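I have placed the structure first, in the form of structure tokens, so that the comments after it can refer back to it.
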Amino acid sequence: MTLDEEYMLKALELAEKAYALGEIPVGAIVVSPEGEIIGEGYNQRELLGSPTAHAEVLAIEQAARRLGQWRLTGCTLYVTLEPCPMCAGAIMNSRLKRVVYGAFDDKNGACASVTCLFDEKFTHIPFIRSRVMQERCGGILTQFFSELRDK
């Protein structure tokens, strides 16, 4: 198992927490250059009543608080689903070095699926790696939405 897969497993654990709460099951972690998990998040839009309570945003905010600064230079974000435009903006603004994600988001993805904001001429562009544990990351979403439709 690669290091990226090990960290993605932690993000998947967080996605499962979201699932258990009836939230769209997306999990994210921020890892420091030294390999320490410094931020964690899972979708909590319903729980918090906030349109910005995406896994990525919550993980980035926690990491920034932990470091005592908004710049997450050298850090990597692991997220189970391709970031949306809002999250892509938070990624650029926090100066993350890398983004590693699992499943593609054909409806809202801003790294490859619908558009790629990182192809534009913004100040900071992270390195992107996709398809890490893609089947498992996509599987939890497929199961969630299948159960939701059945209700």
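For region 5-21, the criterion of being closer than 18 Å to residue 86 by Cβ, surrounded by fewer than 18 Cβ atoms within 10 Å (Cβ to Cβ) and at pLDDT 95 or above is met by no residue. Which of the strands (runs of 3 or more DSSP E) contained wholly in region 40-151 include at least 1 residues that are at pLDDT 95 or above, open to solvent by less than 40 Å² (accessible area, probe 1.4 Å) and over 13 Å from residue 26 (Cα atoms)? Output list reads 76-81, 98-103. Screening residue 1 against (1) touching a residue at least 60 places away in the same chain (Cβ under 8 Å); (2) surrounded by fewer than 21 Cβ atoms within 10 Å (Cβ to Cβ); (3) part of a loop (DSSP other than H, G, I, E, B) leaves a single unmet condition, (1). Taken together, 7, 42 contain a single residue that is among the hydroxyl-bearing types (Ser, Thr, Tyr) and under 16 Å from residue 141 (Cβ atoms), which is 42.
Can you spot a residue in region 1-15 that is of a type in the set (S, T, N, Q) and more than 20 Å from residue 131 (Cβ to Cβ)? No, there is no match, as no residue in region 1-15 is of a type in the set (S, T, N, Q) and more than 20 Å from residue 131 (Cβ to Cβ).
Within region 22-39, the residues that satisfy the criterion of being crowded, with 18+ Cβ neighbours inside 10 Å and of a type in the set (Val, Ile, Thr) are 24, 26, 29, 30, 31, 38.
The values are calculated or read from the model by the stated rules, or taken from the named source; none is laboratory data. All of these numbers come straight from a predicted model, not from anything done at the bench. Heads up, the Cβs are rebuilt from the backbone with ideal geometry, glycines too, and the neighbour counts pull from every protein chain shown. For accessibility, only protein heavy atoms count, side chains too; no ligands or nucleic acids. Shrake-Rupley method; radii C 1.70, N 1.55, O 1.52, S 1.80 Å.
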